[in-house]
Structure formats: structure tokens, C-alpha cells
1. At 0.36 nm per residue, and after removing the present C-alpha to C-alpha distance, how many nm does the segment from Glu21 to Arg136 gain when stretched out fully?
2. For Arg11 and Phe117, FRET efficiency with R0 = 35 Å and r from the beta-carbon atoms, rounded to 0.05?
3. Go through region 116-126 residue by residue and turn each phi into a ³J(HN,Hα) via Karplus (6.51, -1.76, 1.60, θ = phi - 60°); whole Hz please, and just put x for glycine and proline.
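Where a number appears in this text, it was derived from the coordinates with a stated rule and is not lab data. Remember, predicted model here, so these are calculated numbers, not experimental data. Note: ideal-geometry Cβ built from the backbone for every residue, glycine included; neighbour counts use all protein chains shown.
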Amino acid sequence: MTEKSAVVHARVSPEIRSRLEGLAAEAGVNISGVLRILIESATKNDPGGGPAPLPSKGHREGKVTVRLPAEVRDGLEREAKGQGVSLSTWAAAVISARTRRAPQPIPSERRTIQRAFRQLRGLAVNVNQIAYALNRGVLTGAGAALTREEVAALRHDVAALREVLRTYAEGRLSFQAPQGGGDD
């Protein structure tokens with residue numbers, strides 16, 4: 001007979017929840033799967049083992065092996081080291097960028113993009129709260145001097161920043177475009 005699973009509950013901040021969701025998405029599992037791996041790793045009796053690596057969604061999608069000249073491999077290794085990722089992660093990002101005609105962010109860049117979207121959402125909430133307070137007449141002091149046009153301009157600025165970030169995340173900004181005149 002199989003043993004019944006026990007449920008473990010934990011409260012975390014919204015930021016940690018967001019980071020867990022990001023880890024889960026990268027690994028291709030749900031949050032429960034990430035927590036299970038972390039808990040199993042932390043409760044191992046192997047003192048020098050370190051945390052178990054999360055399964056990579058990329059490993060399940062397919063594998064390509066290529067042989068490269070030494071100078072090409074060395075160049076890729078330098079680029080990967082500069083990005084702080086493994087050679088295989090960097091090579092996958094370069095190949096994906098070429099086939100999708102847009103750069104593919106590495107995991108640390110994805111987390112940065114996610115944080116930027118969260119901060120923009122926070123700005124939008126703040127602007128809405130300011131507009132609400134102005135409409136109700138509860139703002140006092142220097143904040144009460146804001147006009148509808150200024151609040152509308154703030155909303156427009158947040159929307160414009162969101163669009164630039166969306167464009168960046170899609171890899172469509174000019175400095176991100178793949179260079180070279182190969183057989184595109």
C-alpha cells in the first residue's frame with residue numbers, strides 16, 4: 001500500500017510567493033512540487049549534499065548535441081560566463097533567439113522582467129489610489145494640489161512604461177534584434 005501524503009502549510013510574503021511561482025514555471029512544475037523538492041533537500045540526512053536541483057523543463061522538451069570548433073566553444077563559454085549561466089543555457093538562448101528572431105531571456109533576466117512588471121503594477125495601484133483620494137476630497141497638503149490632468153499624465157506614463165517593458169520582454173527593441181545578414 002502506498003503511504004498517504006501529509007499536507008504542510010506555510011505563510012509567506014507575496015514577494016516570496018511570486019518568486020516561488022517563477023521557480024515553478026522555470027522548472028515546469030507547480031509550487032507544491034518546488035516546495036516538496038526544497039523540503040526533501042533540507043531534511044536529507046546527507047550533510048554535504050546541498051539542495052537538490054529543480055528539474056529543468058528544458059530537459060524534457062528535447063536535446064540537441066553539436067560539435068563546435070574550439071574557438072567557437074570558447075567564445076560561447078566566455079559569453080555564458082559573462083551572463084552568469086551555464087554554457088548549455090547560453091547556447092539554448094542563442095539558438096532560440098536565432099530561430100524566434102528575438103532574444104530569449106535567461107532565467108535571471110526573466111526574474112528581473114517579472115519584478116519590473118510587479119513594480120509597474122504597484123505604481124498603477126498607487127496612481128489609482130491617488131485618483132480615488134482626489135475624487136473623494138480626502139487628500140490634504142501638497143498632494144491635494146494635483147489636477148486631473150496630472151493624474152491622467154501619471155496613468156499615461158505608467159501605461160507607456162508597461163508597453164516599453166512588454167516590448168523589451170518580447171525582444172523587439174532595436175538593441176535586442178539579432179544582428180547579421182545570414183539566411184533569414
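1. Gain on extension, Glu21 to Arg136, equals 37.7 nm.
2. Between Phe117 and Arg11 the formula returns 0.90.
3. Once θ is set to phi - 60°, the couplings for region 116-126 become 5, 4, 5, 5, 5, 4, x, 4, 4, 4, 4 Hz.
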